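Beneath this line is the structure, given in C-alpha cells, with notes to follow.
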Amino acid sequence: MSRVVLAMSGGVDSSVAAHLLLQAGHEVIGVFMRHGEASAAACRIDSDEPRNANPLNLPVLAGSPDGKRADHKQGCCSATDAADARRVAMSMGIPFYSLDLQEDFRRIVDYFVDDYLSARTPNPCVKCNHWIKFGRLFDYADGVDAEFVATGHYARMVRNHDTQINELHRGLDGHKDQSYALFGIGRERLSRMMLPVGDYTKPEIRDLATSLGLGVSDKKDSQEICFVTQGHHSDFVKARRPEMVGATAGQIVTTAGKVVGEHKGFEAFTIGQRKKLGVALGEPHFVIRIEPDTKRVVIGSAEELLRPGLIADQCNWLIDPRDIPPSRKVGVQIRYNGQPHLGQIQINEESPTRMKVLFDEPQSAVAPGQAAVVYDGERVLGGGWITQALEAETTR
C-alpha cells in the first residue's frame, strides 16, 4: 500500500511492528539507528556493492569487538541489538540499513551533562525521540521516497473523522504507554506517522513474537540511559566535564536553613530523591530544591515537596493552542512513568512556547528539566519542558 521506514531496535516491539506493517500490505524498509557511545565498527550490512555505491549501507558501531557491552547492561543500540534487528528483517524479507548517528547523538549527551550541571533533571530518551528518532528518521524517509515513518512505541495514531487529521493518543496498554515521550514531534508530521503496536498490550506483542518465531519474544525491554553504561549518572557527568569536578560541591541544608552535611556535587541529586542523600536525620527527607548558585542541596519533608503548579517553555503543540481555553480541564503528566494530574493551563498568547500549569491538587516532585505533557483524555495536546516549580504565592 505505502512505503514505510520502520525504526528497528532489535527488540520485540519493533520486530512485531514490522510484521504488522507487512500484514497490512505495506512495503517496509528497516532502519537501525546506532547512537550510543563512540567505538569501533563491528557489524556491517552485507552488500556486493562498494560502500560509496550505496550510501545507505552504513556501519553499526559496538562497544567491544564482539558487540557486547562490558557491563552487560541492557541498552538499546548495541551491535547485538543490530544483529537481532537484521536477523528479523532478513526473516521477513525486508531491506535493512544501519545509520551511524554518532555525531547527532553528541547533542543528546551534551544536553544531558549540561542539564545536570545546571541543577535540572534531564530526560535524554524523550529528547532523543524528538531530535533523532523523529528527526533524522524523517530525513531518511524523504531520501528513499517513503510516505510514512513507523516505530514500535506504545502509542496510537487516531484519525479524527470530523477534522480528518491524525491525533496522537495513549497506547492501549496503560502500563507501557509511551505517548509522553512523543509530545515534541512536529504537528505537520503526524499525518506521516505509524505506530503499529499501540493497539496491543505488551503480553499480546510477546505472544505474537513467539508465534512468529522471531527469537526476540523474551528479550528484556530497554529501561536505562543507553550511554551511561556503568556507575551513577554523576560519574558520567564528571567524566565528560572533568574541569567541573569539585566545582559543584557544597552543603546539604534543611528548608529551615540548617546545615546537616556536605555533598561532592549537586549533579548527583534530583528533585524528590530520598535515598543516598548522605545524611541521617532519623526520618525520611527528600531533595526539595537544588541551588546551582549557592551549590546547596535543600532537603525537607514529603509535604514540602508539594507544588501547586509549574512553568514550562519550549512548548510544542499538536493542535492549535488557541483551541485550548484557560478554563478547560486537562491532564498534565510530569514524569515518564507517572499519570496525568487534572488542572488548567495558561498558554502565553504572545509566545505559545511558554505555559503555566495550575494543578487542582498540589503535586509532588515537580522537577525542572522534565517534560510536562498535556492530555485531553487519551489524546496528547502537546507539552513543554519544566523550568520552574511554582510556590503557593506565585500561582495566581
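Key figures
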{"item": "With all protein chains modelled, accessible area of HIS161 [1.4 Å, Å²]", "result": "140 Å²"}
{"item": "Estimated 222 nm signal from helices in the chain, with DSSP H stretches of n ≥ 4 weighted -39500 (n - 2.57), rounded to 500", "result": "-5500 deg cm²/dmol"}
{"item": "Order of exposure, largest accessible area first, which applies to THR201, THR163, THR248 with probe 1.4 Å", "result": "THR163, THR201, THR248"}
{"item": "Surface accessible to a 1.4 Å probe, LEU168 within the full protein complex, Å²", "result": "0 Å²"}
{"item": "Student exercise, the chain dipole from Lys, Arg, Asp, Glu Cβ charges, in Debye to nearest 20", "result": "660 debye"}
{"item": "Surface accessible to a 1.4 Å probe, LEU305 within the full protein complex, Å²", "result": "10 Å²"}
{"item": "Convex hull volume of region 263-310 per residue (C-alpha atoms, cubic angstrom)", "result": "81 Å³"}
{"item": "Beta bridge orientation in the chain: antiparallel %, DSSP, nearest 5", "result": "75 percent"}
{"item": "Peptides ranked, highest mean first, by Cβ atoms within 10 Å: ranges 339-350, 367-378", "result": "367-378, 339-350"}
{"item": "For region 219-327, convex hull of alpha carbons as volume per residue, Å³", "result": "209 Å³"}
{"item": "Cα centroid separation - region 87-115 against region 192-208, whole Å", "result": "21 Å"}
{"item": "Which of PHE138, ASN160, SER118, positive extreme of dipole for region 94-184 (C-beta unit charges)", "result": "SER118"}
{"item": "Only Lys, Arg (+1) and Asp, Glu (-1) charged, at Cβ; region 80-167 dipole about Cα centre in debye", "result": "280 debye"}
{"item": "Positive-end residue, the chain charge dipole about Cα centroid, Cβ charges, pick of CYS315, PRO368, THR210", "result": "PRO368"}
{"item": "Order of exposure, largest accessible area first, which applies to ARG170, ARG156 with probe 1.4 Å", "result": "ARG156, ARG170"}
{"item": "Aspartates and glutamates with Cα under 12 Å of LYS220, excluding same-chain neighbours fewer than 8 positions away", "result": "ASP13, ASP81"}
{"item": "Ordering of 7-19, 118-130 by packing [mean C-beta count within 10 Å, highest first]", "result": "7-19, 118-130"}
{"item": "Accessible solvent surface per residue of the chain, calculated while the other protein chains remain in place, 1.4 angstrom probe, Å²", "result": "47 Å²"}
{"item": "Theoretical gain in end-to-end length, HIS161 to THR387 [0.36 nm per residue, Cα-Cα removed]", "result": "77.7 nm"}
{"item": "Region 348-367-region 125-141 distance, computed between alpha-carbon centres (Å)", "result": "26 Å"}
{"item": "Length added when fully stretched, THR353-ARG322, from 0.36 nm per residue minus Cα-Cα", "result": "10.0 nm"}
{"item": "Accessible surface of the chain [probe 1.4 Å, protein heavy atoms]: carbon and sulfur percent", "result": "48 percent"}
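The values are calculated or read from the model by the stated rules, or taken from the named source; none is laboratory data. All figures in this text were calculated on a predicted structure; none of them were measured in a lab. Don't worry about glycine lacking a Cβ; one is built from the backbone with ideal geometry, like all the others, and counts go over all protein chains shown. Accessible surface areas use protein heavy atoms only, side chains included; no ligands, DNA or RNA. Shrake-Rupley method; radii C 1.70, N 1.55, O 1.52, S 1.80 Å.
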